[in-house]
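Below: one structure, written as structure tokens.
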RNA sequence: GCCCCCAUCGUCUAGCCAGGCCUAGGACGUCGGCCUUUCAAGCCGGUAACGCGGGUUCGAAUCCCGCUGGGGGCACCA
């Protein structure tokens, strides 16, 4: 039974794609690729108040950046389109009517205000809220009366009549049983005619012939409601797989509100897509017992949805940082131009390089990157360790306090400046020679000179080797900065 | 409150389904050391977990029950 795997990621454009969504989509994608199936992207924008075109764009962009691709979607089209739910409203209307005809749903004329009152009353009595069921068995005359009042009905699915428990067969969780008495008749179409998630999702998954519905565990409790609809419509539901929820350090579900959970922010800070993917693979799943690093091909080959864990996972930033560093070092060796590209874009973001970079700019950045070496774990480290290559020194007060306060420092810096100035050029060998010789002549340990010089030139106590740093900075700037530091510390 | 899910080091997890191979393995972090002009990187070493209580069994991290804890869901959000 060679069933074609068709799976989908359903994103709602109500904000930037966040880490949890990206992770979810990555697993959906791995599954599709492992089974040589079809990956579909569907935009679930039925919440018109919060959805925007811009967000849809950014979600697609971010997924592409992550390295994912899809055969069908709003931007690439496909045989089951459209792939944007707002463009499928007629479909939902049609199946809502069919559902009513089959007795699986009914119009409900209660207004949001009335329902709110019911809800509050239940709350006061400390009872779990359930819909009163007022519109469940309306006579045609009563409907007409409501219509005459100008009421537009919402549509509710009939769930309370299901006399037996509903079992969800979940690929990662096994069988999960829900008793119908805890389920409620649920609104699937708003009074303005727009569908709600649970309904649109069912209609689309069926029409798009989705074979596997892979989504976050927050949807597990929705599943019985959806199963009721599949059955009422006479449809075969897809296979379900509910992925564990990704938690923040506060042990709460990562959400768009929390900030800094947007994939885009990681991109901006200079994280690498390959590192993110590898890191994602280690959340909720572990391809092998004693290994962390995998190529994409390996992940695709090894991916087995049954092996996914069931417990929520905390997003561990420090592990991501480590892994990004590993990939960064690798890239430095194999494709250093990519690190340069990354550095350039980070510098541009911060206004330290113009929009149009010249070959000379790139060459300079390449030298900086080389000097910084594996201190760059994330793109932004170019700034944290090497901003002074691109702008005036911003002195770290603690560094100044520690290394520039000695009264003999200004004279030393001046003396060094003089020697360097009189030499020609400033290779790292020349720099080293000048520094070491001066130290020797003054009868001091070289590090006693090296530290103050580093602070004078970079403003920091940490960074690339001093002599490389001096070479990249060049004679003129080195001399200027040494003098400037000497002058300001005299005070 | 009700429903559902989950439970191994601080974190990601292996082991659990097919109980002994587990004095519980790996990784991140953290701590110490080496290297070193600083910081990284690298190398070496240490730290740290089967939530609790009952069963079942010769034997339980592994199976069963309860408790506790954590998470998710209960919208005319997705």
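What are the residues in region A:159-193 that are assigned to a loop (DSSP other than H, G, I, E, B) and more than 7 Å from RNA strand B (Cβ to nearest atom), if any?
Hits for region A:159-193 are A:159, A:160, A:161, A:162, A:163, A:164, A:165, A:171, A:172, A:183, A:185, A:193.
Looking only at region A:353-376, how many residues end up being surrounded by 20 or more Cβ atoms within 10 Å (Cβ to Cβ) and either in contact with a strand residue (DSSP E or B) (Cβ under 9 Å, 6 or more places away or on another chain) or in a loop (DSSP other than H, G, I, E, B) (or both)?
So the answer is 2.
Which of the residues that make up region A:426-448 are touching a residue at least 40 places away in the same chain (Cβ under 8 Å) and under 12 Å from residue A:479 (Cβ atoms)?
Residues satisfying the conditions are A:426, A:431.
Determine whether residue A:277 is closer than 23 Å to residue A:66 by Cβ, at pLDDT 95 or above, surrounded by 20 or more Cβ atoms within 10 Å (Cβ to Cβ) and under 24 Å from the mean Cα position of the chain (by Cα).
Criteria met by residue A:277.
Looking for something in contact (Cβ under 8 Å) with a residue 40 or more places away in the chain, under 39 Å from the mean Cα position of the chain (by Cα) and outside any loop (DSSP other than H, G, I, E, B) - is there at least one such residue anywhere in region A:125-137?
No, that holds for no residue.
Would you say residue A:306 is out of contact with any helix residue (DSSP H, G or I) (no Cβ under 6 Å at 6 or more places or on another chain), within 11 Å of RNA strand B (Cβ to nearest atom) and farther than 27 Å from residue A:212 by Cβ?
no
Read through the list (1) closer than 25 Å to residue A:262 by Cα; (2) touching a helix residue (DSSP H, G or I) at 6+ places or on another chain (Cβ under 7 Å); (3) surrounded by fewer than 20 Cβ atoms within 10 Å (Cβ to Cβ), then give the number of the only condition that residue A:76 fails.
With (1) closer than 25 Å to residue A:262 by Cα; (2) touching a helix residue (DSSP H, G or I) at 6+ places or on another chain (Cβ under 7 Å); (3) surrounded by fewer than 20 Cβ atoms within 10 Å (Cβ to Cβ) applied to residue A:76, the lone miss is (2).
This table checks each residue for (1) in contact (Cβ under 8 Å) with a residue 60 or more places away in the chain; (2) within 20 Å of residue A:45 (Cα to Cα).
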| residue | (1), (2) |
| --- | --- |
| A:56 | no, yes |
| A:59 | no, yes |
| A:62 | yes, yes |
| A:65 | yes, no |
| A:73 | no, yes |
| A:77 | no, yes |
| A:89 | yes, yes |
| A:94 | no, yes |
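Using the structure shown, decide if residue A:284 is outside any helix (DSSP H, G or I), at positive phi and near RNA strand B (Cβ under 8 Å from one of its atoms).
yes
Can you tell me which residue among A:207, A:227, A:127 is surrounded by 13 or more Cβ atoms within 10 Å (Cβ to Cβ) and out of contact with any strand residue (DSSP E or B) (no Cβ under 9 Å at 6 or more places or on another chain)?
The match here is A:207.
Please tell me if residue A:389 is more than 20 Å from the chain's Cα centre (by Cα), surrounded by 15 or more Cβ atoms within 10 Å (Cβ to Cβ) and within 15 Å of RNA strand B (Cβ to nearest atom).
Yes.
Being within 14 Å of RNA strand B (Cβ to nearest atom) and not in a loop (DSSP other than H, G, I, E, B) is the filter; apply it to region A:144-158 and report the residue that is surrounded by the most Cβ atoms within 10 Å (Cβ to Cβ).
Result: A:157.
Being more than 9 Å from RNA strand B (Cβ to nearest atom), under 30 Å from the mean Cα position of the chain (by Cα) and either in a helix (DSSP H, G or I) or at pLDDT below 95 (or both), is that true of even one residue in region A:242-256?
yes
Residue by residue through region A:416-458, note down the ones that are out of contact with any helix residue (DSSP H, G or I) (no Cβ under 6 Å at 6 or more places or on another chain) and within 14 Å of residue A:481 (Cα to Cα).
A:418, A:453
Of the conditions (1) in a loop (DSSP other than H, G, I, E, B); (2) at pLDDT below 90; (3) loosely packed, with under 13 Cβ neighbours inside 10 Å, residue A:116 satisfies every one except a single condition; which number is it?
(1)
Look at region A:10-45 and say how many of its residues are under 23 Å from residue A:192 (Cα atoms) and surrounded by fewer than 23 Cβ atoms within 10 Å (Cβ to Cβ).
Of the residues in that region, 4 qualify.
Which residue, of A:432, A:421, is farther than 19 Å from residue A:461 by Cβ and within 45 Å of the chain's Cα centre (by Cα)?
Answer to the check: A:432.
Could you go through region A:393-412 and let me know if any residue there is modelled with pLDDT of 90 or more, assigned to a helix (DSSP H, G or I), surrounded by fewer than 21 Cβ atoms within 10 Å (Cβ to Cβ) and over 43 Å from the mean Cα position of the chain (by Cα).
Yes, that holds for at least one residue.
Report yes if some residue within region A:198-209 is modelled with pLDDT of 90 or more, under 35 Å from the mean Cα position of the chain (by Cα), near RNA strand B (Cβ under 8 Å from one of its atoms) and not in a helix (DSSP H, G or I); otherwise report no.
no
Which of the numbered conditions does residue A:225 fail, given that it passes all the others? Conditions: (1) more than 15 Å from the chain's Cα centre (by Cα); (2) over 26 Å from residue A:161 (Cα atoms); (3) near RNA strand B (Cβ under 10 Å from one of its atoms).
So residue A:225 meets the others, but not (2).
Under 6 Å by Cβ, and 6 or more places apart or on different chains, what pairs join a residue from region A:449-465 that is under 15 Å from residue A:409 (Cβ atoms) and assigned to a helix (DSSP H, G or I) with one that is within 7 Å of RNA strand B (Cβ to nearest atom) and at pLDDT 95 or above?
A:450/A:466; A:454/A:466
For region A:131-143, enumerate the residues that are more than 8 Å from RNA strand B (Cβ to nearest atom) and in contact with a helix residue (DSSP H, G or I) (Cβ under 9 Å, 6 or more places away or on another chain).
Correct list: A:132, A:134, A:135, A:138.
The values are calculated or read from the model by the stated rules, or taken from the named source; none is laboratory data. Note that this is a predicted model, so its numbers are computed, not measured. Virtual Cβ from ideal backbone geometry, glycine too; neighbours counted across all protein chains shown.
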